[in-house]
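Heads up: the structure comes next, in structure tokens.
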Amino acid sequence: MSTRDAIIAAGARLFSEKGYEGMTMKQIADAVGVTPPAVYAFFKNKEDLFGQIVKEIISSHFDVAAYHTEMLRDKPVKDQLYGLIRALFEFQMREKLHTKIFTRLLLFPPKVFRINLKEELNILAEREWELLIGIFEKGMRSGELRPGDASGYARAMLTLMDGLFWQMQRCEESVFWNSFELSWRQFWKGIEPLAEENRR
């Protein structure tokens, strides 16, 4: 790991523990084992470093979505959608520090930070929305989904994911996955082909 990456990792860990106001550049330098001037050689101030942490957290989330969208693109649409959201929550379960930082950003955004965090998070949601629209449009063309509004389907799925994210914060893992499966089945029933629904 490069010194720059080690500084970002240490800053991320300290932010998750102490928040933006509670962490200092000296603490970050001490955690990496370098002097404060060495930190300032890469980042002009704490805000600059924090901005990079935010961008990496947000981009890593989208990278997971984009990777699994590509990996699953030859699967049936039902499997693509299920596999994508399952992979995202498995990532969040596995990367506990990432999820802790993401949650802190949502609940306690630093007041002095000039980057509009809501705007950054909305950009992430829009990029995920565009990925989902492509899958829903493909599913309707192939007859794997009932005809409808791909944009609306994508928004509904993002809303489902938001709800599951907050449930993940307060539930035991086994309880969460039970809720995940139940929620997925109900969502799928709303978009599956009418002929498939009528056969039941």
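The values are calculated or read from the model by the stated rules, or taken from the named source; none is laboratory data. These numbers come from a predicted model, not from an experiment. Here the Cβ is made from the backbone with ideal geometry for all residues, glycine too, and neighbour counts use every protein chain on show. Accessible surface areas use protein heavy atoms only, side chains included; no ligands, DNA or RNA. Shrake-Rupley method; radii C 1.70, N 1.55, O 1.52, S 1.80 Å.
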Task: the range 45-160: relative contact order in percent, alpha carbon pairs under 8 Å with at least 6 residues between - done: 28
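Roughly how big is the chain's charge dipole about its Cα centre, with Cβ charges of +1 (Lys, Arg) and -1 (Asp, Glu), in debye to the nearest 20?
Result for the chain is approximately 300 debye, rounded to the nearest 20.
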- [ ] Note the full-extension length gain between Asn45 and Leu117 as 0.36 nm times their separation in residues minus their Cα-Cα distance, in nm to one decimal.
- [x] 24.1 nm
Open item on the list: Based on the alpha carbons, how large is the Rg to Rh ratio for the chain when Rh follows Kirkwood?
Closed with: 1.06
Open item on the list: Rg and Dmax in Å for the range 134-173, alpha carbons only: what are they?
Closed with: 13.5, 39
Open item on the list: Along the Cα→Cβ direction, 7 angstrom out, place labels at Ser59 and Lys189. What is the inter-label distance in nm?
Closed with: 4.2
Task: Rounded percent of accessible protein surface that carbon and sulfur make up, the chain, 1.4 Å probe - done: 53
Task: Magnitude of the charge dipole, the range 91-149, Cβ model with Lys/Arg +1 and Asp/Glu -1, debye to 20 - done: 400
- [ ] Can you work out the accessible area per residue across the chain, with the rest of the protein chains kept in place, probe 1.4 Å, in square angstrom?
- [x] 55
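What is the range 18-113 by shape, rounded, prolate or oblate, if you read a ≥ b ≥ c off the alpha carbon gyration tensor as root eigenvalues and call it rounded for a/c under 1.5, prolate for a/b larger than b/c, and oblate otherwise?
Here the range 18-113 falls in the prolate category.
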